[in-house]
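See structure below.
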Amino acid sequence: AQSIPVDDEELWLTRTEPLDRERPTIVYAADRDQSTRAAQLLIDAGFTKVYDLGGVEDWDAEELELDRS
C-alpha cells in the first residue's frame with residue numbers, strides 16, 4: 001500500500017513509475033473527486049486493472065468501519 005498525493009506531480013511520478021502496470025491497483029481517497037482523479041491518472045499512465053473505491057467520506061459507515069486513529 002502507498003499513499004501518493006495526486007497534487008504533488010513529482011512525487012506521484014516517482015512513486016508510480018516503478019509499479020507493475022499489469023497488477024490490480026486499488027484506489028481510494030478522502031473524497032470521490034480525488035479518487036476518480038487518481039484512478040484516471042493511473043489509467044492514463046498505462047495501468048490496466050484499476051479499481052476505484054471512491055471517497056472514504058462516501059462509504060457506508062454501517063458496512064465499513066473506519067479507524068481514524
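Restricting attention to region 1-56, which residues are in a helix (DSSP H, G or I) and either basic (Lys, Arg) or surrounded by fewer than 12 Cβ atoms within 10 Å (Cβ to Cβ) (or both)?
Once the filter is applied, which keeps residues that are in a helix (DSSP H, G or I) and either basic (Lys, Arg) or surrounded by fewer than 12 Cβ atoms within 10 Å (Cβ to Cβ) (or both), region 1-56 yields GLU9, GLU10, THR14, ARG15, ARG32, ARG37, ASP44.
Just one of (1) at pLDDT below 90; (2) at positive phi trips up GLY46, so point out which.
Failing condition for GLY46: (1).
The values are calculated or read from the model by the stated rules, or taken from the named source; none is laboratory data. Because the structure is predicted, anything quoted here is derived from the model rather than measured. Because the Cβ atoms are built from the backbone with ideal geometry, glycine has one as well, and the counts that use them run over all protein chains shown.
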